[in-house]
Amino acid sequence: MARLLLVSNRLPVTVKAEKDSVSVGRSAGGLATGLSRPHERSGGLWIGWPGDVSRLTDAQRGQVEKQLSDLRCVPLYLSASEVSRFYEGYSNRVLWPLCHYMLDRIPRQDRDWDAYRKANERFADLAAKHYQPGDTIWVHDYQLMLVPGMLRQRLPHARIGYFHHIPFPSSEIFSTLPRRVELLKGLLGADLIGFHAVSYVRHFSGTLLRHLGLDTDVDRVLFQGREVRVGAFPMGIDATAFETLASEPAVLDEVKTLKERAHGERLLVGIDRLDYTKGIPRRLLAVQRVLEREPSLRGRLRFIQVAVPSRTQVQAYAEYRETVDELVGRINGLYGTVHSTPVHYLYRSLNEKQLVSLYRGADVMLVTPVRDGMNLVAKEFCASRPDDDGVLILSEFAGAASEMRDALLVNPYDVEGMADAIEQALEMPGPERQERMRCLRAGVKSRDVHWWVASFLDRLQGLPSVAEKPPLPDGMTALDALKGPGRKVLLLDYDGTLVGFASTPELAAPDEELMTLLRELCARPDLSVHIVSGRPRETLDAWFGELPMGLHAEHGLWSRMRRGQAWQALPGVSFEWKPKVRPVLDAFAARVTGSFVEEKTASLAWHYRKVDAEFGALQARELRLLLHEKFGDEPMNILPGDRVVEVRPKGVNKGRVVPEILKGEAPDVRVVALGDDVTDEDLFAAVPPGGITVHAGNKHSRAGYRVEGPPEVRRFLKALLGK
Ligand SMILES: Nc1ncnc2c1ncn2[C@@H]1O[C@H](COP(=O)(O)OP(=O)(O)O[C@H]2O[C@H](CO)[C@@H](O)[C@H](O)[C@H]2O)[C@@H](O)[C@H]1O
Ligand SMILES: O=P(O)(O)OC[C@H](O)CO
């Protein structure tokens, strides 16, 4: 097994300081449990923050380090300022509320980005320092979103995975983040990016398209010449451990005591970190509504809410705690009697035995976050019910809801609806409870944490490594091979290669810098320059007619080899399909605002460059499908391009011009072709051996080299001129 280097903000261990001693114990969380076995087996390391050690003496710190090292944990100590700006600041005041759709909780001005970036750099540096060739690096969660990119710079060939434990919000929400591009690029340093749910994968892909123009093809996206995979890997729990513990005599005794002390009251239970995403106030209100609506249930219900203190230095958490305290007090004031208290509220952490006893003793488990990446409490509850009893009420906004369909799913914003669900749970007949719980348990057991770890790591480790599938070399490195006196033929695509995209084809006219560059290239006696474009003849004539160069319009249907020569069409091309296809494209232009149809002699194009990127890509896919369905037998090709779907006659492609161009040239002439689009792949394919082909962009390409886009293409051409 390859060595595993785990990187997470927190280490999976807790430092426990007693009066005279200090110790380090493994934390109980899902991540720690799930990854402990692969961590031990692989002989790897776990890098992270061991928590606040500022009050430890030097001797105690030494003890901690020794124990951490025995567990193969490498501590990264955060300074007080890092805790306040990186952890509490950017991670928990900006990213946490953002990913949970709570924009109004984000400070108006964020001043902690720099601290976030620097802390991420420290994690990346430490991981890079401990990396050995062959290791797999697995980075965890939103505190470290820049780390994959930083690691990729330091270790270009490493195998890097990233898992996002919280929701990835819709691109509408993510787009509000001033640093959205840096964060997305940071994640794309990984080879595999995992989320809990398919919807988060969809949101992430939409965001990539919107902000980086990267189109995800099912589960892969090309970034800087590398293939990055994305996927849904719903995290599970150590179901067997919970099941075993739930049957231990100590737990059964505790359950018995719990029930006895409840004096026949039905037990509702909530267990959470005290976090404003967990929906505790509305849950309390739902319990209150039940008591209001059903006087017969007063004195017969006991709601035990346990909230573990979390991020107490962040103001929003302190305020949330006050809200919860007040609500608990209000409900107990209203519905408590001298004999009974409806809400039992514990603001503390429980040990495993206490936790499982509550799960095992609950009649109804309330898991009602307003947003949650997954929510492991829901799964722990089910695993702790070998008696196949108890009802789970689960928020539809928890990632777990997509797997746990046999729970009573509720909208956590609908207090009345939650009150209905509580009543339904309390009245649910035994056989239905058992049937639902059996199905829930089966799911939780089969997709447990070991399954989760294995499916993520198998996928990551099964991918070809960057070293096996290296990205295309930088186009600038091809220039060395072009030095020297030999004659060269330069084949240049126009849109997306020589100029960037403009909102209409007319707006992408050549600028003065480009015209000067082209004039200089044409003036070189050792160069023969050709523009091979999808544009119509008239446009190329208007822009470049006066230059001594070859012009090839409509993907090579029309050619003008030299200045002053008449345009010649490729022979034997059929256009009969055009009048049939045009109405379909017109209908799409009418229904997709901002899109339009361009008609050329031979081809038709539906452009969607002004349409919202995500919606445009969806519509383009639909159009292609429809065209294939309706006109599959016509002598035409349907080609997806950069924000365009093009339909053109069969047998016409940019590659067809190459033999014509090379007719008068010596056999040893060097051909240099640059293009960005799928249509340029035909051009590259037609370049004879020894030629240089350069892809300008991020797509899959048969080209030998790659540059980033038009500015780099221009730099390449200037360098060719020796500038
Ligand atoms: N009072 C208490 N005493 C003791 N233990 C308590 C406790 N309250 C909660 N816990 C434990 O803490 C863990 C909480 O995990 P959750 O998945 O519910 O949420 P959390 O937001 O912390 O995790 C983040 O990571 C996980 C894992 O990816 C995602 O499921 C989730 O959506 C995301 O926010 C559970 O293992 C639970 O047993
Ligand atoms: O206590 P924190 O801030 O490290 O957060 C723990 C949560 O599980 C984060 O996903």
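The values are calculated or read from the model by the stated rules, or taken from the named source; none is laboratory data. None of the values given here were measured: they were computed from a predicted structure. Every residue, glycine among them, receives a Cβ derived from its backbone with ideal geometry; neighbour counts consider all protein chains shown. Heads up: the accessible areas ignore ligands, DNA and RNA and are worked out on the full protein's heavy atoms, side chains in. Shrake-Rupley method; radii C 1.70, N 1.55, O 1.52, S 1.80 Å.
Inter-part distance, the range 366-389 to the range 120-198, computed on C-alpha centroids, equals 28 Å. Once the Cα atoms of helix 30-42 and of the chain are each reduced to a long axis, what angle between those two axes, in degrees from 0 to 90 to the nearest 10, is obtained? Orientation of helix 30-42: about 70 degrees from the principal axis. Checking every one of the trypsin sites (Lys or Arg not before Pro) in the range 547-629 against DSSP loop status and a limit of 13 other Cβ atoms within 10 Å picks out ARG562. Given the pairs LYS600/LYS654; LYS278/LYS445; LYS353/LYS379; LYS600/LYS650, which span a C-alpha to C-alpha distance of over 19 angstrom in this model? As for pairs spanning more than 19 Å Cα to Cα, those are LYS278/LYS445.
Under the shape rule built on the C-alpha gyration tensor, where the axes satisfy a ≥ b ≥ c, the range 1-152 is oblate, since a/c reaches at least 1.5 while a/b does not exceed b/c. Spatially, the range 28-106 and the range 226-275 are offset by 24 Å when compared through their Cα centroids.
Across the protein chains, with a 1.4 Å probe defining accessible surface, the residues ARG41, ARG55, ARG159 rank ARG55, ARG41, ARG159 from largest area downward.
Our helix-only sum for the chain, with -39,500 (n - 2.57) per DSSP H run of n ≥ 4 divided by its residues, gives a mean residue ellipticity at 222 nm of -12000 deg cm²/dmol. Roughly what percent of Cα-Cα pairs across the range 60-214 reach past 28 Å? Distances greater than 28 Å cover 22 percent of the Cα pairs.
Under the combined filter of DSSP loop state and at most 14 neighbouring Cβ atoms within 10 Å, the range 522-624 retains these GluC sites (Glu not before Pro): GLU546, GLU576.
For LEU674, neighbours were defined as the other residues whose beta-carbon sits under 9 Å from its Cβ, and their charges (Lys and Arg +1, Asp and Glu -1) total -3.
For an R0 of 45 angstrom, estimate the FRET efficiency from the Cβ-Cβ distance between LYS256 and VAL218 and round to the nearest 0.05. Taking R0 as 45 Å, the efficiency between LYS256 and VAL218 is 0.30. Extent along the principal axes, Cα only, for the chain: 103, 63, 44 Å, with the longest axis given first. How would you classify the range 347-387 from its alpha-carbon gyration tensor, with a ≥ b ≥ c the square roots of the eigenvalues: rounded for a/c under 1.5, else prolate if a/b is greater than b/c, otherwise oblate? Oblate is the answer for the range 347-387, as a/c is 1.5 or above yet b/c matches or exceeds a/b. Using Cα-Cα distances under 8 Å and only pairs 6 or more residues apart, what relative contact order does the range 42-165 have, in percent? Worked out over the range 42-165, it gives 21 percent. Phi-derived couplings, Karplus 6.51 cos²θ - 1.76 cosθ + 1.60 at θ = phi - 60°, listed residue by residue for the range 88-99: 6, x, 5, 5, 9, 9, 10, 5, 4, x, 4, 5 Hz, with x used for Gly and Pro. Sites listed here are trypsin sites (Lys or Arg not before Pro) in the range 85-119 whose DSSP assignment is loop and whose Cβ has at most 15 other Cβ atoms within 10 Å: ARG108, ARG111.
Here the range 489-506 and the range 458-486 have alpha carbon centers that stand 24 Å from each other.
For the chain, the residue among PRO295, TRP451, LEU35 whose Cα projects farthest onto the positive side of the dipole built from Cβ charges is LEU35.
For the chain, carbon and sulfur atoms together expose 50% of the accessible surface, with a 1.4 angstrom probe and every protein chain in place. What angle, in degrees between 0 and 90 and rounded to the nearest 10, separates the Cα long axis of helix 449-462 from the longest principal axis of the Cα atoms of the chain? Once rounded, the angle reads 20 degrees. Placing a label point 7 Å from the Cα of GLU576 along the Cα-to-Cβ direction, the residues of the range 629-651 with a backbone N closer than 18 Å are 630-637, 648-651.
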